[in-house]
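Here, each number is a calculation from the coordinates, and none is a lab measurement. No experiment lies behind these values; they were computed from the predicted model shown. Note: ideal-geometry Cβ built from the backbone for every residue, glycine included; neighbour counts use all protein chains shown.
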Amino acid sequence: MKPNFKEMSVPELRKYVLTHRDDMEAIRALFHHPSLKYQEMPPLVTGDGLPIAENIRIAEEEIKKRVEREQEKQQQREKAQSENLRQKLEREIEAKLRSQIELEVEQKLQENLEKEIEALIRAIAQFLASTSGFSSRLAGSIPYGIATLHALLAIRAGIEDFGDF
C-alpha cells in the first residue's frame, strides 16, 4: 500500500523517492508538492503546433534569469574557493617564513654572543695582563673553558670581585 504523498512533507517525499526510484507517482508528487514554489511555464506552442511568440519570449527571459543566477552562484563558489586557497597559502607561507626568520634571528644572536664573548675575553686578558703581571700574549690565550665562561657571565651580570680568591 502506497503512502499518501499529498500529506507527506518534502523531505519525507525525497527520502521515499530515493528509495523507490521507479515510482513515477511519487516523483510527480514531489515535483508538484504544494509547498514547493515553482513557476509553471505557459505553453510555447498552440494545440495546432504554432509557436506563441509572447510565451517564447517569457520562457527565454526566465531561462536567461536562471542562467544569470547560476553564473552568480558559480562565481560565489569560485570566490569562496579562491579565498580559502589564499588563506591556506598565507598560513603555509607564514609558517615557513616564521621558522626561517626564527633560524636567522637565532644565528644573529649566536654571532652577537660570540662577538661579545670574544670582546670580554680580550678585556679579561688585558685586565689580567695589567694587574697580575701576566704577559698580554699569555693572558690572551685563555681557553674558552668553564672558568672563563663563569668569569664572562659574572662580568656580564655585573658581579664585582668575581676573581678574588
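What are the aspartates and glutamates whose alpha-carbon lies under 13 Å from the alpha-carbon of K108, with same-chain residues fewer than 8 places away excluded?
E116
What do you get when you divide the Cα radius of gyration of region 1-103 by 2.2 N^0.38 Å, with N the number of residues?
Numbers: Rg = 24.8 Å, N = 103, 2.2 N^0.38 = 12.8 Å.
In units of the 2.2 N^0.38 Å rule of thumb, it is 1.93.
Applying the Karplus parametrisation 6.51 cos²θ - 1.76 cosθ + 1.60 with θ = phi - 60° to the phi angles of region 4-15, what ³J(HN,Hα) value in whole Hz is obtained for each residue in order, glycine and proline being reported as x?
7, 5, 5, 8, 7, 7, 4, x, 5, 5, 4, 4
Quickly work out the D23-to-E118 label distance, labels modelled 7 Å from Cα along the C-beta direction, and quote it in nm with one decimal.
Reported label-point gap for E118 and D23 is 8.7 nm.
Which value in nm describes the separation of the simple spin-label points at E94 and D48, placed 7 Å from the Cα toward the beta carbon?
7.2 nm
Could you give me the ³J(HN,Hα) list for region 85-93, computed from phi with Karplus coefficients 6.51, -1.76, 1.60 and θ = phi - 60°, whole Hz, x at Gly and Pro?
Coupling constants for region 85-93: 5, 4, 5, 5, 4, 4, 5, 5, 5 Hz.
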